[in-house]
1. Give me the three principal axis extents of the range 1-137 from the C-alpha atoms, as integers in angstrom, largest value leading.
2. Counting DSSP beta bridges with both partners in the chain, what percentage is antiparallel, nearest 5?
3. So with the 1.4 Å probe, I'd like the accessible area per residue for the range 166-251, rounded to whole Å².
4. Can you give the net charge of the other residues whose Cβ lies under 12 Å from the Cβ of Pro198, counting K and R as +1 and D and E as -1?
5. Evaluated at 20 °C with a viscosity of 1.002 mPa s, what Stokes-Einstein diffusion coefficient in µm²/s does the range 120-251 have when Rh comes from the Kirkwood expression over alpha-carbon pairs?
6. For the chain, give the percent of accessible area contributed by carbon and sulfur heavy atoms, probe 1.4 Å, rounded to a whole number.
7. Dividing the Cα convex hull volume of the range 9-68 by residue count, how many Å³ per residue is that?
8. So which residue, out of Thr107, Thr98, Thr223, gets the largest mean-square fluctuation from a GNM of the chain using Cα contacts under 10 Å as springs?
Amino acid sequence: MSGDLAVTVLGSATPYPSADNACSGYLVSGGGTRLWMDAGTGSLAQLRRHIRLDEVDAIWISHLHADHSADLLTAYYGLLYADIRLAAPIPLYGPAGTAERLAHFLTNGPTRSPIESAFEVHELHDGHKAEVGALSLTTSEVAHGIPAFAVRVEIGGRALTYSGDTAPCANLTELAAECDLLLCEADSATPSVDHHTPENAGDTATSARARRLVLTHAGPFLTPDDAIARAATRYTGPIAYAAPGSTFRAG
């Protein structure tokens, strides 16, 4: 199936939002399908600038750190107790234990909160594949010290890969092979066992032969300009930073 593939940045801050930048959240669109990719703190409000919550076709969560998943809590209230009347629960792809983690936080009495009334939960694993409307999703496990995943989204021969949070690893490089756009975290100013530095992001993009690199999730000790300059020492293709509100097209 042919169609445009684009990602709009809802937020790219870490480990907590700034006044003008939510935590990790992205709206991926292609072929009329809308995927909310990571639901970090503040990203739901930004999502609503573009679409209603009940217009989301699916949600994909890389891992359960709060700066990537906290707005699932407020999304639950929006889906069940506000102005939305769901025709069916929204498919939610996340690490094993996602439903119980949500239920543990949202249950305030002897009866478990009805998580599955809001979300149709699917647990991710290495090599997981899903079809979400017009989009094909392939997930790989990555190196973040807890269950964590990266995803490749494809439509009509176009592909974008999102790293989630991870140190450099072979699974990410393989998943991103020859993708049109690599959305890669660059959290760490210094080498880390859990995250990429900007140089690492450049190396991953080069090794994967990615056609474009978009840096995201730069930590509090990096500026976007610094991150781009450092990544450019390892990658010769086009590089941008995932500024909130920006949209990038694959291909």
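The values are calculated or read from the model by the stated rules, or taken from the named source; none is laboratory data. Please read these numbers as outputs of a predicted model, since none were measured by experiment. Cβ: placed from backbone, ideal geometry, glycine included. Neighbour counts: every protein chain shown. Ligands, DNA and RNA are stripped out before the accessible areas are found, and what is left, the full protein with its side chains, is counted by its heavy atoms. Shrake-Rupley method; radii C 1.70, N 1.55, O 1.52, S 1.80 Å.
1. Principal-axis extents of the range 1-137 (Cα, largest first): 49, 34, 34 Å.
2. On the way: 32 of 54 bridges.
Of the beta bridges lying entirely in the chain, close to 60 percent run antiparallel.
3. Values: 3620 Å² over 86 residues.
Heavy-atom SASA per residue in the range 166-251 reads 42 Å².
4. Details: positive: Arg230, Arg234; negative: Glu185, Asp187, Glu199, Asp203, Asp225, Asp226.
It works out to a net charge of -4.
5. Numbers: Rh = 14.6 Å.
Here the translational diffusion coefficient equals 147 µm²/s.
6. Details: 5390 of 10410 Å².
C and S atoms contribute 52 percent here.
7. Working: hull volume 4.2 nm³, N = 60.
So the per-residue hull volume is 70 Å³.
8. Thr107
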